[in-house]
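The values are calculated or read from the model by the stated rules, or taken from the named source; none is laboratory data. Since the structure is predicted, the reported quantities are computational estimates derived from the model, not experimental observations. Backbone-built Cβ (ideal geometry, glycine too); neighbour counts: all protein chains shown.
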Amino acid sequence: MRGSRRRLAYVERLRRMQAERVVQAVRVQNGAGAVLSESQNRPLHGSSNYEWMPGMTSSVEFYVQAITADAAGRTVYVGFVVTGRAISVGDVFSSMYEVPRSLEDARQQRPRAAPINVRSTSIRVDAIDSMRVRVKELPSGVTGALYLTGDDVGAIAARTYLSASR
C-alpha cells in the first residue's frame, strides 16, 4: 500500500514536470507567451478506474492541464491523452466534462467519480506540438500542446476532459 502511494506521487510529479516542459517549449518556440490558467491540484491518472463512463464510448480522452498563449496570441491547451488511441490533427472532440477528484482520492485509491458539467461540443484539433516539434499525432501518455478551434473552445478550462470517437 505504501509503495503504491509513493508510485502514484512519483507519477504525478513526472506529469507536472512534463506539462511544465511543454508550456516552456511552447513559450520558447513561439516567443514569450504567457500562462493564462494552470491547475495546482491535478488528478492522478495511473491505474484509475474508468468504468464510470458506461454511456460514453469515446475512443480517446484528453486531459487539459494548463492553458497558455503563444507569441501570436493563439490559445494553446497543454495536457495528455488519458485513455484510448492517439490524437491526430483533424480529430474532433464531441464532448467535454470535468471529473471531481482530489489528490487524497488518488492516494486512497478511490474510484473516479462520475463526470460533471458534461456538454456536447464540436472542437477540432488544428495542430499539435510535442517536445518543441509540430507532430501529426499525440500518443497516449505523452504530454503535448493542442491548437483547437470551434465554437466551444472558450468553455475549456484547466482540469477539463475532452473526448472524441471516430
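Values for this structure:
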| quantity | calculated |
| --- | --- |
| Residues that are touching a Ser or Thr at 6+ places or on another chain (Cβ under 8 Å) and in a loop (DSSP other than H, G, I, E, B), drawn from region 123-160 | Lys136, Val142, Asp151, Asp152, Ala157, Ala158, Arg159 |
| Flag for Ile116 being surrounded by fewer than 18 Cβ atoms within 10 Å (Cβ to Cβ) and either farther than 18 Å from Gln65 by Cα or without any contact (Cβ under 8 Å) to a residue 40 or more places away in the chain (or both) | yes |
| Residues satisfying the stated conditions in region 70-105, i.e. surrounded by fewer than 16 Cβ atoms within 10 Å (Cβ to Cβ), of a type in the set (S, T, N, Q) and closer than 18 Å to Gly150 by Cα | Ser88, Ser94 |
| Any chance Ile67 is crowded, with 16+ Cβ neighbours inside 10 Å and at pLDDT 80 or above | yes |
| Residue identified as touching a strand residue (DSSP E or B) at 6+ places or on another chain (Cβ under 9 Å) and in contact (Cβ under 8 Å) with a residue 12 or more places away in the chain among Ala66, Ala106 | Ala66 |
| Residue that is nearest to the chain's Cα centre (by Cα) [pool: residues in region 79-107 that are of a type in the set (D, E, K, R) and at pLDDT below 90] | Glu98 |
| Cross-chain or 6+ apart pairs with Cβ under 6 Å, region 80-101 first and touching a residue at least 40 places away in the same chain (Cβ under 8 Å), then of a type in the set (Lys, Arg) and surrounded by fewer than 18 Cβ atoms within 10 Å (Cβ to Cβ) | Val89/Lys136; Val92/Arg124; Met96/Arg119 |
